[in-house]
Ligand code: GN1
Ligand code: MG
């Protein structure tokens, strides 16, 4: 964390100096550092973008500019009210760039704070329904983004084959010497590896398209207003081409878990089928019109896949000695891996029900659109 004088100095690279400026830490992201800024009458979010992970911040910011400009245009065309709270808007630095690079090589950006907004780490079925509508709408709005595919801000980000390659490399190198502690979990993950890489195979066979995805559809990336209506989705660093099942799955991994992502009491962790159903219905209401049958048939698989992928990613980082995710203590990545694996097993046990919920919601939408 930076000291306040430094942070004020960064803020004034974007806006005029103001004696009355306060900067405080905000949120619980695992990668970037976020701060709430109050400067005179104005409120902002300042972020340091982790440039070890996001290696090309100028391209990343350019993606975000394209995405937010396009969404703003769509909202204007629909005469939506209160647009400034429904899409993020970034503040250019004094030199016109959408980021500021400090003397130490850190990248910073600033955006307007969305007033009277909140996010949830745990959600009920009704709010999950609204979240589903929001992410469905988000994908729909970006379906005709001009200018070709977005830049891949992290190459192979949700590519399970690639994630397994890195995992196997880490297992081989055992840099932290922690491998012997986790050999059982490594085996459990390897046993599932073939099933879990089917999306890449289907893509190569031309059966599964890539679309513009959010790629970090965590439940707390949805902002709600005081009446629990969705305002907008945030955290656009990873918006890039991907499979829709992966966006669907990442919400379920985070929103439809009865426990925490890093719960140490594994009895708390299971799939919440009511939240699963709420989100599915909302999502398909907006997305069914552009999804193929194959995409719909694989949404429930996406929930398993993203939970599996996150187990692999947390465990890889544990074996590497905690180099990627921020951790609160030395066992944190292991606790996260175990909790995610528990959720995966619960999804496996309930998979038929999950699949049925998706197919029924899709059939309902089809009937509605035919009438
Ligand atoms: C990271 O920092 P945050 O919370 O937005 C990660 C996601 C993971 C998530 C796990 C760039 O997201 O992919 O799913 O942690 N972001 C990156 O909670 O790796
Ligand atoms: Mg993120």
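Some values worked out for this structure:
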quantity	calculated
Segment 73-170 shape via C-alpha gyration tensor axes, a/c threshold 1.5	oblate
Fewest-first ranking of 216, 352, 250, using other Cβ atoms within 10 Å as the exposure measure	352, 216, 250
Calculated FRET efficiency for the pair residue 52/residue 19, C-beta based, R₀ 45 Å, to 0.05	0.85
Per principal axis, descending, Cα span of the chain in whole Å	62, 59, 38
Cα gyration tensor of segment 261-371 - equivalent ellipsoid semi-axes, whole Å, descending	33, 14, 11
Calculated FRET value between residue 203 and residue 266, using beta carbons and R₀ = 25 Å, to 0.05	0.15
Inter-label distance for residue 30 and residue 192, nm, one decimal - labels placed 7 Å from Cα along Cα-to-Cβ	1.5 nm
When the convex hull of its Cα atoms is projected in every direction, mean area for segment 119-181 (nm²)	8.0 nm²
Taking the chain and dividing mean pair separation by its residue count, relative contact order in percent (alpha carbons under 8 Å, at least six apart)	18 percent
Rg to Rh, two decimals, where segment 183-333 supplies the alpha carbon set and Rh follows Kirkwood	0.97
Label-point gap, in nm, between residue 369 and residue 97 - each point 7 angstrom along Cα→Cβ	4.4 nm
FRET efficiency, residue 348 to residue 62 (Cβ-Cβ, R0 56 Å, nearest 0.05)	0.90
Cβ-based exposure ranking for 367, 202, 354, in which fewest neighbours within 10 Å come first	367, 202, 354
Projected-area mean, segment 4-112, by convex hull of Cα positions, square nanometres	7.5 nm²
Sequence of 308, 107, 35 once ranked by neighbouring C-beta atoms within 10 Å, starting from the fewest	107, 35, 308
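Each value in this text was obtained by applying a stated rule to the coordinates, not by laboratory testing. Source: prediction; values computed, not measured. Glycine gets a Cβ as well: all are built from the backbone with ideal geometry, and neighbour counts include every protein chain shown.
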